[in-house]
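First comes the structure, then the notes that go with it.
The values are calculated or read from the model by the stated rules, or taken from the named source; none is laboratory data. Everything quoted here is computed from the prediction, not taken from an experiment. Counting neighbours? That spans all protein chains shown, and the Cβs are built from the backbone with ideal geometry, glycine included. Surface accessibility is based on the protein's heavy atoms, side chains included, excluding ligands, DNA and RNA. Shrake-Rupley method; radii C 1.70, N 1.55, O 1.52, S 1.80 Å.
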Amino acid sequence: MLDIKLIRGNPDYIREKLKLRGEDDKIILRIFDIDKRRREIIKKDESLKELRNKVSDEIAVMKKNKENADEKITEMRKVHAKIKELDDELRKLDVMIDGELKFLPNNPKDDVPVGKTEDDNVEVKVWGEKKNFDFKVLDHLELGKKLDILDFDIGTKITGSGFPFYKGKGAILERALLNYMLDTHIKNKYIEVIPPVIVNSISMETAEKIPKFADDMYHIERDDMYAIPTAEVPLVNIHRDEILKPESLPIKYCAFTNCFRREAGSYGKETKGFLRVHQFNKVELVNFCKPENSYDELERMLIDACNILEKLNIHYRIIELCTGDLGFSASKCYDIEVWSYAEKKWLEASSISNFTDFQSRRGKIRYKKTLESGKTKPEFVHILNGSGLATSRLIVSLLETYQTEDGHIVVPEVLRDYTNFDLI
RNA sequence: GGAAGGGUGGGUGAGCGGCUGAAACCAACGGUUUGCUAAACCGUCAAGUCUUGUAAAGAGGCUUCGAGAGUUCGAAUCUCUCCCCUUCCGCCA
């Protein structure tokens with residue numbers, strides 16, 4: 001969530017940022033209005049409470065002296081009623097303003113390229129080159145079926161469409177990939193964790209996934225819990241309601257989890273095989289850091305993720321998302337896309353974002369900052385997250401990239417210690 | 001799932017209607033002492049929010065003792081509901 005004080009003090013600035021995202025800026029006017037009413041009520045309410053506290057103390061003294069305080073007590077009954085009235089009104093306004101804030105996105109950083117759609121995203125870097133195959137390339141479904149390593153029909157039978165099923169060397173390759181990624185991140189000082197994949201609604205709210213994206217989540221109604229769409233959710237919540245020590249920052253976590261997404265409304269769009277699934281595997285990176293370092297940390301995380309692909313020798317590119325394509329919570333975001341030879345297009349395999357203090361404000365995740373005066377004051381940390389990486393799209397690119405003319409897959413060098421075979 | 005006990009500041013933990021935003025201890029930070037370290041001693045040490053306001057600052061009010069509702073002039077303290085934790089029993093990987 002954004003800081004209400006920022007909106008109060010710079011409404012036009014926020015409106016500009018909203019327009020850059022292509023969003024309606026009327027929400028700011030509404031928030032501004034509610035906030036104004038809210039503060040008027042607070043003023044009245046608090047001055048009455050001050051009176052109540054004062055007179056209550058007086059009554060205490062009078063009672064101690066065995067004096068009669070009936071008159072004051074009668075008077076305070078009226079004050080009590082009025083306070084209750086104002087409290088109720090205030091609560092309504094609080095709910096209203098929070099309801100608006102929950103749908104207000106983070107501000108794009110000033111240097112984020114301005115644009116409307118993904119067509120306006122900026123290609124930052126292309127790594128490697130496209131291979132020249134002198135035979136007809138097979139897509140990942142054909143390869144998976146031929147080699148009996150992927151079977152979407154079984155997944156459909158067990159659960160439904162979009163639930164992949166890995167088999168034999170396919171399962172081993174997947175496991176190798178995940179282990180290889182985790183081991184690499186650990187070397188880069190990420191702390192590995194295995195978090196719950198079902199979380200409560202507070203965790204979802206802190207991660208700013210609900211209410212905005214509630215429709216895309218698997219929800220267990222009976223317990224009001226959610227299957228995570230990304231490990232970012234549990235990881236971000238590790239330090240909820242904490243004030244961290246400044247010397248502990250940055251704190252970096254990595255985790256492998258299954259991820260679950262309903263992908264509501266996207267049927268018919270890239271539904272083939274692994275291109276869009278309801279359950280997939282991902283190694284996620286989350287970084288808690290001081291605000292002044294967050295954009296440097298973003299670049300580091302980008303490198304950490306890219307390194308994985310380079311060691312795997314996968315042709316990839318980095319794009320920077322434009323203001324119109326930027327995610328709800330992000331102030332700046334890079335996507336890493338891998339090349340699919342069968343689809344003849346780039347596939348998103350990772351998204352690395354600086355969410356600044358957007359989640360930390362909602363989850364009260366702070367650190368003790370030392371001011372110039374030497375005093376300390378809690379300040380919201382910046383939180384970054386990135387996939388490092390999701391295997392679903394990566395496996396598409398990997399299988400296609402490493403296929404041989406006779407329909408086999410050469411295991412990439414760095415994975416062979418994990419797979420114990422070099423050909424599928 | 002059944003039974004009992006409990007949720008207080010960074011931690012341990014007292015308080016059980018007004019003198020408690022909260023004792024005491026520990027940790028942390030600053031200082032004195034010291035050749036250095038340690039020890040000892042002194043001091044500081046919750047967050048949020050509103051108003052006012054400064055070059056930085058500051059001043060004042062309000063709120064917060066798991067969450068919510070209630071009783072009361074006044075609630076950490078009494079009542080109700082919910083959530084969570086611990087222990088024991090049952091079931092089970």
Original post:
Is it true that A:Glu292 is over 25 Å from A:Leu347 (Cα atoms), within 16 Å of RNA strand B (Cβ to nearest atom) and either surrounded by fewer than 18 Cβ atoms within 10 Å (Cβ to Cβ) or at pLDDT below 90 (or both)?
Top reply: no
Original post:
Where in segment A:358-424 are the strands (runs of 3 or more DSSP E), entirely inside, with at least 1 residues that are more than 24 Å from A:Cys333 (Cα to Cα) and at pLDDT below 95?
Top reply: A:366-370, A:376-380
**OP:** Answer with yes or no whether A:Lys344 is among the charged types (D, E, K, R) and on the phi > 0 side of the Ramachandran plot.
**Re:** yes
**OP:** Report, ordered by the first and then the second residue, all pairs with beta carbons closer than 8 Å, sequence separation of six or more or different chains, a first member in segment A:46-65 that is closer than 14 Å to A:Ala81 by Cα, and a second member that is open to solvent by less than 80 Å² (accessible area, probe 1.4 Å).
**Re:** A:Leu48/A:Val79; A:Leu48/A:Ile83; A:Leu48/A:Leu86; A:Lys49/A:Ile83; A:Leu51/A:Val79; A:Arg52/A:Met76; A:Arg52/A:Val79; A:Arg52/A:Ile83
Original post:
Out of A:Asp357, A:Asp417, which single residue is out of contact with any helix residue (DSSP H, G or I) (no Cβ under 6 Å at 6 or more places or on another chain) and touching a residue at least 60 places away in the same chain (Cβ under 8 Å)?
Top reply: A:Asp357
Subject >> Number of the exception - A:Glu123 against (1) open to solvent by 60 Å² or more (accessible area, probe 1.4 Å); (2) farther than 30 Å from A:Leu309 by Cα >> reply: (2)
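I need the full set of residues from segment A:89-144 which are assigned to a loop (DSSP other than H, G, I, E, B), among the aromatic types (Phe, Trp, Tyr) and farther than 27 Å from A:Ile14 by Cα, in order please.
Result: A:Phe133, A:Phe135.
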Original post:
Does A:Ile243 satisfy being over 17 Å from A:Leu384 (Cα atoms), assigned by TED's automatic domain parsing to the domain that holds A:Gly160 and touching a residue at least 60 places away in the same chain (Cβ under 8 Å)?
Top reply: yes
Original post:
In segment A:388-424, what residues are closer than 30 Å to A:Asp241 by Cβ and in contact with a Lys or Arg (Cβ under 6 Å, 6 or more places away or on another chain)?
Top reply: A:Ala390
**OP:** State whether one or more residues within segment A:81-103 are farther than 30 Å from A:Ser360 by Cα, more than 29 Å from the chain's Cα centre (by Cα), of a type outside the set (A, V, I, L, M, F, W, C) and more than 9 Å from RNA strand B (Cβ to nearest atom).
**Re:** yes
Subject >> One residue from A:Lys72, A:Lys49 being near RNA strand B (Cβ under 10 Å from one of its atoms), at pLDDT below 90 and outside the structural domain of A:Phe380 (by TED's automatic domain parsing) >> reply: A:Lys72
**OP:** For segment A:370-387, enumerate the residues that are crowded, with 17+ Cβ neighbours inside 10 Å and touching a Lys or Arg at 6+ places or on another chain (Cβ under 8 Å).
**Re:** A:Glu379, A:Phe380, A:Val381, A:His382, A:Ser387
**OP:** Among residues belonging to segment A:28-78 that are farther than 18 Å from A:Asp88 by Cα and hydroxyl-bearing (Ser, Thr, Tyr), point out the one that is surrounded by the fewest Cβ atoms within 10 Å (Cβ to Cβ).
**Re:** A:Thr74
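A:Asp57: outside any loop (DSSP other than H, G, I, E, B) and within 12 Å of RNA strand B (Cβ to nearest atom), yes or no? So that I can check it myself, show each step before the final result.
Numbers: outside any loop (DSSP other than H, G, I, E, B): yes; within 12 Å of RNA strand B (Cβ to nearest atom): yes.
Criteria met by A:Asp57.
Here's the yes/no breakdown for (1) touching a Leu at 6+ places or on another chain (Cβ under 8 Å); (2) open to solvent by 60 Å² or more (accessible area, probe 1.4 Å); (3) within 16 Å of RNA strand B (Cβ to nearest atom):
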position: A:Arg362; (1), (2), (3): no, no, yes
position: A:Ile365; (1), (2), (3): yes, no, yes
position: A:Lys368; (1), (2), (3): yes, yes, yes
position: A:Val396; (1), (2), (3): yes, no, no
position: A:Leu399; (1), (2), (3): yes, no, no
position: A:Asp406; (1), (2), (3): no, yes, no
